[in-house]
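I have placed the structure first, in the form of structure tokens, so that the comments after it can refer back to it.
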Amino acid sequence: MPLPEIMLAVLWVGLTAYVLFAGADFGGGIWDLLAGGAVTGRRQRALVEHSIGPVWEANHVWLIFVIVLMWTGIPPVFAAVASTLYIPLTLAALGIIGRGAAFAFRKVSTELWQQRLFGATFAFSSVVTPFFLGTVAGAIASGRVPPGIAKGDLVGSWVNPTSLAAGALAVGTAAYLAAVYLTRDAERAGAADLVDAFRRRALGCGAVVGVLSAVGLLVLRADAPALFAEITSGRALPLLLLSVVAGLASLVLLWRRAYLAVRVTAALAVTGLLWGWGVGQYPSLLPGVSLADAAATDTVLAASLGSLAVGALLLLPSLWWLYATFQRDRVAARPDRRPD
Amino acid sequence: MITLTVDGIADLGAARMQMALSLGWHIVVACLGVGMPAITLLAEWRGHRTGDVHYRLLARRWARALGVLFAVGAVSGTILSFEMGLLWPGLMGTYGEIIGLPFSLEGIAFFIEAIFLGIYLYAWDRLPPTAHLLSGIPIVLAGVASAFFVVCANAWMQQPVGFTAENGRIATVDPWAAMFNPAAPTLTVHMILAAFMVAGFTMASVYAVAMLRGRRDRYHRLGLLLPLTVAAIVTPVQIGVGDWAAHAVANNQPVKLAAMEGVFETARGVPLHLGGIEIDGELRYALEIPNALSLLAHWDPHAEIRGLNEVPPADRPPVNVVHWAFQIMVGLGFALLVLAVWLALSWKRRRDLPSSPWFLRATACSGVAAVAALEAGWIVTEVGRQPWIVYGVQRTSEAVNPAPGLVYGFVLVTAVYVALTVATVYVLRRLARDVPVPIAPQERDVTDYKVV
Ligand code: HDD
Ligand code: HEM
Ligand code: HEM
């Protein structure tokens, strides 16, 4: 594969990882929002906090990775997207501030009013951020970002059927992934009632996301027929099918309480959707701009991709250690110390 | 100070102010993110070596604060990467690929940092002490590395090399040459040392305030002594590196040097100006030290210094801002040196902190002073580069997003930063007072320890 294609694939891998990992962290915030009053919702909130606490910063870095790869690999596209869509991107950025900071603040605050204030900020921005990021995806997918700097409609580019559908789908996906992951986390923590609660939510949410995806396809047919055609009959079709099959399988697995397996199928369903979009739209990035037009020079791509490859050698074992440390249970009280 | 309308683009001023606000905010937290982990690890290591419970408790408390600081560092940094595109698409659309390499490398460093931070902060109860200590080392290395990479990118904006352009499009790039540009060595070293100074003095000043309020136990003394020692060792080195940086500026960015010193006429044997303000193209009321600038900048009392009048007025940075920012940084640097020497002398004579309350008062102010020097230094670098965003290549006004309404974005972002500042300060103060240290059942001695 030529370097621009490799770069784009790596970028898409980063985007997928961001949606699968950080998306679920946002979803945790959504469930936090819906967990009920301070007393009734306490255990659910504790589970959410416990699950995302150690990993959200690492998960969040995928977004930075995607942004940096965009300006390194396809700079004119980055400039066009950022300048035309500066309103939803600014709002998403502010949501990111609110989410991350409030989460950290709530963790260390002790008084109820503080926990409420920070908790509400955390939960609210967890809904808003994926929504605005979704509208950005919709704007690009429906070809509303023309090349050049701030050449598109500053409002219409992201307030349109495809963007709104994509925004809703992003929020739904985040909530769905979180519910699926949290079911298993609750099971490991031995909280049977929470397992049931999140299983029910995952089922309901999975159905909603399925419907949203179908609606999204219909919107796409009216709004961006070319992309729709690629996804439903062109080379992206297998990916769409993968997504549908994995989505249905997830519902069955949830029903049958196979909480570990459903993590895989739920992730596959989302991955299929993302790659379906990517493959469907390739090689056009913006209207009239193909990958070949926008890609950075080969020396830059080679240096950056080479560095990332070397970096991956450091990163993968470290990431594995991180997730393994927290998916394992605590070390048993050491014999040479006083027991608790 | 900064004109809000340049070249008819009303939003340029807002974009510049927004960038300055976000960067000026991020850099403080980032400095703590670079310097604090090292100092925390030092305390943890001393705690394990000596068994001194005070060190272990300090490490635990600092780690707790680090958790909060890293979170706000990560989000404020993310905003910056958005803003590079939201505010400066003209820069990123053309030159983004040239500074892409250091930013990609920085991304790897962030990953390492975030991963090991998660382990270090949350696995205190899951790892044996030595493994836990070791898990902190990648945080330190990655923090220093990310400061290095991001400042390399900034240095390229000062010394743009490593590319050729053909009618507005980039034709060839040598990304490694661009990254290791002539400005990179001085800027990166100076920045990393500044991070350790900011972290050391800020942490020490917290304990100095507590000691002034009468809490003079061993816990507070160590909390002051350890970070202050680190900062005191770095300070003299930093001044030497600052001098090196000034030489680099004199050779590579003569216009910036002229603005820093308020020199208008090109001449030989130029004096050093202390204080003074620029009025109508002339520096007034300044104290002059004969030949000193030529001597300092080029190691030759008769060396020629180019003045601002060599370039048209439209190509000059605002002299008063740059001149005063430079004076403030250098002045504070020497003031902090005095504090460092005071500590060193007292330690040499009596193996103890100076007993004067003025020492505690000075230490209490040192954190603010270090942060002020840091901000002043960046103002020298960034405002001194104006009107260019990429020195001599692209003007700031050509880079800005031409979309209308950036002013409202600036207002919104400012409001959010005010709230973020208030909340961060409030939460950190609460942490210092009443929240217990992170749990670690295998270290009960520390967990049960009460702090006054
Ligand atoms: C604790 C902070 C601190 C202290 C005490 C000093 N500096 Fe500094 N200085 C910085 C923190 C800083 C900085 C904020 O970190 C800058 C901005 C960009 C950079 O890399 O370093 C900087 C930039 C900077 C520049 C501009 C470089 C450029 O634009 O290319 C010069 C010439 C100096 N410094 C010189 C000095 C001198 C002669 C000092 C002696 C007292 C000094 N600095 C103390
Ligand atoms: C390596 C990191 C940095 C990069 C890549 C960077 C980049 C930029 C960019 C793109 C601008 C806007 C264009 C311009 O006005 O020239 C800018 C302006 C500015 N930056 Fe930096 N910057 C960095 C570090 C900092 C830091 C840490 C500060 C801290 C105070 C700072 C202070 C400023 C100020 C005050 C301006 C406005 C200057 C003016 O418009 O007059 N910069 N910087
Ligand atoms: C345009 C300029 C800058 C951009 C785009 C930027 C970007 C970022 C981002 C995205 C993060 C979050 C990483 C994470 O999730 O952990 C971050 C954190 C950090 N930045 Fe910046 N940054 C800039 C300027 C600077 C400067 C001038 C320094 C110099 C010291 C710096 C040092 C750091 C460090 C050490 C961290 C990690 C520590 C922490 O999270 O507190 N950055 N930055």
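Nothing in this text is a laboratory measurement; each read-out follows from the coordinates by a stated rule. These numbers were taken from a predicted model, which means no experiment stands behind them. Glycine gets a Cβ as well: all are built from the backbone with ideal geometry, and neighbour counts include every protein chain shown.
What the table shows:
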| item | result |
| --- | --- |
| Highest to lowest packing among B:119-126, A:219-226, B:349-356, B:261-268, scored as the average C-beta count within 10 Å | B:119-126, B:261-268, A:219-226, B:349-356 |
| Inter-probe distance in nm under a simple model that places probes 7 Å from Cα toward Cβ, at B:GLU265 and B:ILE239 | 3.3 |
| Angle between chain B longest axis and helix B:100-122 axis [Cα atoms, degrees, rounded to 10] | 10 |
| Chain A, helix-only ellipticity at 222 nm - DSSP H runs n ≥ 4, -39,500 (n - 2.57), divided by all residues, nearest 500 | -26500 deg cm²/dmol |
| Under-5 Å amide H pairs with B:TRP388, H placed in peptide plane, nonlocal only | B:THR396 |
| DSSP H segments from chain A that extend 30 Å or more along their own axis, Cα-based, with Kyte-Doolittle mean of 0.5 or above | A:86-108, A:112-141, A:161-188, A:192-223, A:259-281, A:298-327 |
| Spacing of the two label points (7 Å from each Cα toward its C-beta) at B:ALA344 and B:HIS302, in nm | 3.6 |
| Relative contact order (percent, whole number), the range B:143-187, Cα cutoff 8 Å, 6+ residue spacing | 43 |
| Rg ratio (alpha-carbon, reference 2.2 N^0.38 Å) - chain B | 1.04 |
| Alpha-carbon centroids, the range B:206-260 and the range B:77-141: separation in whole Å | 24 |
| Surrounding net charge for A:PHE65, when Lys and Arg each add one and Asp and Glu each subtract one, Cβ distance under 15 Å | -3 |
| For B:ALA165, residues with placed amide H under 5 Å, excluding near neighbours | B:ALA171 |
| Fewest-first sequence of A:TRP56, B:TRP388, B:TRP45, A:TRP320 by Cβ atoms within 10 Å of each Cβ | A:TRP320, B:TRP45, B:TRP388, A:TRP56 |
| Mean separation of Cα contacts under 8 Å, 6 or more apart, over the residue count of the range A:3-286: relative contact order % | 20 |
| Under 5 Å, built H, 5+ apart or other chain: amide partners of A:LEU285 | A:SER290, A:LEU291 |
| FRET efficiency for B:ARG213 and B:LEU274, using Cβ-Cβ distance with R0 set to 45 Å, rounded to 0.05 | 0.75 |
| Residue mean of other protein chain beta carbons inside 10 Å, A:91-98 | 6 |
| The range A:143-270, relative contact order in percent, only Cα pairs under 8 angstrom and at least six apart counted | 24 |
| Within 10 Å of each Cβ in B:397-409, the average number of Cβ atoms from other chains | 3 |
| Rounded tilt (10° steps) of B:10-50 against the dominant C-alpha axis of chain B | 30 |
| Cα gyration tensor category, rounded, prolate or oblate, for the range A:3-286 with a/c compared to 1.5 | oblate |
| Packing-based ranking, highest mean first, of A:299-312, B:90-103, B:187-200, B:319-332 given that Cβ atoms within 10 Å are counted | B:90-103, B:187-200, B:319-332, A:299-312 |
| From phi via Karplus (6.51, -1.76, 1.60), per-residue ³J(HN,Hα) for the range B:208-216 in Hz, x at Gly/Pro | 5, 4, 4, 5, 5, 7, x, 8, 10 |
| Mean ellipticity per residue at 222 nm, deg cm²/dmol - from DSSP H runs of n ≥ 4 across chain B, formula -39500 (n - 2.57) | -24000 deg cm²/dmol |
| Charge sum, other residues only, whose C-beta stays under 14 Å from B:THR229's C-beta, Lys/Arg counted +1 and Asp/Glu -1 | +3 |
| Global geometry of the protein assembly as shown, whether rounded, prolate or oblate, following the gyration tensor of its Cα atoms and the 1.5 cut on a/c | oblate |
